[in-house]
Amino acid sequence: MKNVFDELKERGLIAQMTHEEEIKKLLSEEKITFYIGFDPTADSLHIGHFMQLVVMRHMQNAGHRPIILLGGGTTMVGDPTGKTDMRPMITKETIQYNADRFKEQMSKFIDFSDGKAIMVNNADWLLDLNYVDFLREVGVHFSVNRMLSAECFKTRMERGLSFLEFNYMLMQSYDFYKLNKDYGCIMEFGGDDQWSNIIGGIELIRRKESKEAYGMTFTLLTTSEGKKMGKTEKGALWLDPEKVTPYEFYQYWRNVDDKDVIRLLKLVTFVPMSEIAEYEKLEGQELNRVKERLAYEVTKMVHGEEEAEKANAAAKAVFGAGADDSNMPTFELSRDQLGLNIVDLLAVSNLAPSKGEGRRLVQQGGISIDGNKVDDISYVIDESIFADGKIVVKKGKKVFLKIVLA
């Protein structure tokens, strides 16, 4: 029987690990406690966090116990990894609010019943530490030369690395040590950009406890060209439906590149590999069916089956004739607004952030109404174009908006 290690590897989720043979044996023969840390720097999880939750669920489904570590303490400092400038300072109150929102969202993905998973906050131990004691007990085990060679610090040396951020690696390493002592946690997971921080924790446990601990990083969500995924026109691809509607979320996945769809199906869904193998045989227009499956599965996990069905129906109203468009994003246009030109319409409906951008979209052929391209910026929106009191405006290849005459 395939164990979870083989599953993660076959799906392409594993980027690096510390002891491959030992980890494979552990995950096959024992039930371990592992952790993933989440710094609540915003009031919603985004798609990068979702990748981590997918890995966590794979592990939990195989009988292993996850610890979700909320970084109420580490967020006070800020992780320099992947940043060209220092993160803005966040108040304790905001961090606590964000952490509460994270808890709410994570409960959709991870089963916390009967001790199957644990959620803790590193503010409980980091905020009360005596700094001098911390330096003597933890700092003594870290070589500055070695820390400066870590990728997370190297990329910041030219722009300037604050001493505040320099402490982050020690704090994350201490988290692993603390969870190892208190909960028997022997493995840390994280994005591939967390490799240096994970190694720091493993080394600290080895030096202070003479115990072996393990680390594994998983693939960052990128396109086939290596571009980081998860960005929309509005910013990050948030899991909060108030920030990104279930329809917009669905459309993001429905419109991925042909070259990415199979790999993403492996990475972010639980569709069996045997089914994905059949999808791999498809090409051209047939891949649209695979994109629909990808979009449906991810939307169902994040927003629930009902919202996934609605988003699917709305998408079919756009891509297929005669389908129900009742779930498509809608903007109401009052009769007083009739007579606007197309540029004004794009601005008032928020399809374009400004009239200048709207003008550019029209002139470059990026706008159509009910399937007909509009390339004249003086095109007038009057009652005659509203069949059954509605029109569908398409921006580019991915954005659709139903405009209803109120």
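Values quoted throughout were computed directly from the atomic coordinates according to the rules given, and no laboratory measurement underlies them. Computed from a predicted model, the values in this text were never measured in an experiment. Glycine gets a Cβ as well: all are built from the backbone with ideal geometry, and neighbour counts include every protein chain shown.
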Fill in: Relative contact order %, the chain, counting alpha carbon pairs below 8 Å whose residues are six or more apart
14 percent
Worksheet item: If you stretched the chain out fully between V132 and T222, how much longer would it get, using 0.36 nm times the residue separation minus the C-alpha to C-alpha distance?
Response: 28.3 nm
Worksheet item: Any idea how far the Cα center of the range 18-77 sits from the one of the range 94-112, in Å?
Response: 14 Å
Worksheet item: GNM, the chain, Cα, under 10 Å: largest mean-square fluctuation among D376, D258, D193?
Response: D376
Fill in: Within the chain, percent of DSSP bridges classed antiparallel, to nearest 5
50 percent
Discussion item. Restricting to Cα pairs below 8 Å that are 6+ residues apart, what does the relative contact order work out to for the range 330-405? Please round to a whole percent.
Written reply: 37 percent
Worksheet item: Thinking of the chain as a set of Cα atoms, what percent of all their pairs are more than 30 Å apart?
Response: 50 percent
Worksheet item: In what order do Y250, Y131 fall by count of nearby beta-carbon atoms within 10 Å, going from fewest to most?
Response: Y131, Y250
Worksheet entry | Descending Cα extents along the principal axes, the range 233-386, whole Å | 55, 32, 31
Worksheet item: Among all lysine pairs in the range 4-218 that are eight or more places apart or on different chains, how many have alpha carbons less than 16 angstrom apart?
Response: 10
Response to the item:
the range 246-301: relative contact order from alpha carbon pairs under 8 Å, six or more residues apart, as a whole percent, is 55 percent
Practice prompt. Could you work out which residue, out of I377, I110, I186, moves most in a Gaussian network model of the chain, that is, has the largest mean-square fluctuation with Cα springs under 10 Å?
Written response: I377
Worksheet item: On full extension of the chain, what length is gained from K316 through K281, given 0.36 nm per residue of separation minus the C-alpha to C-alpha distance?
Response: 10.2 nm
Discussion item. Using a Förster radius of 22 Å, what is the FRET efficiency between Y183 and M89 based on their Cβ-Cβ separation? Nearest 0.05, please.
Written reply: 0.15
Fill in: Quarter of Cα convex hull surface for the range 330-405, i.e. mean projection, nm²
4.3 nm²
Worksheet, complete the sentence: Rounded to the nearest 500, the 222 nm mean residue ellipticity computed for the chain from DSSP H runs (n ≥ 4, each -39500 (n - 2.57)) alone is -12500 deg cm²/dmol
Worksheet, complete the sentence: Share (percent) of C-alpha pair distances in the range 212-284 greater than 20 Å works out to 44 percent
Practice prompt. Run a plain Debye calculation on the range 4-218 (Cα atoms as equal point scatterers, no solvent) and give log10 I(q)/I(0) at q = 0.13 Å⁻¹, rounded to two decimals, same order as the q list.
Written response: -0.73
Practice prompt. Pick out which of V256, V393, V132 has the largest mean-square fluctuation in a Gaussian network model of the chain, springs linking Cα atoms closer than 10 Å.
Written response: V132
Worksheet item: In the chain, which longest range has no trypsin sites (Lys or Arg not before Pro) that are both DSSP loop (not H, G, I, E or B) and surrounded by at most 16 other Cβ atoms within 10 Å?
Response: 282-396
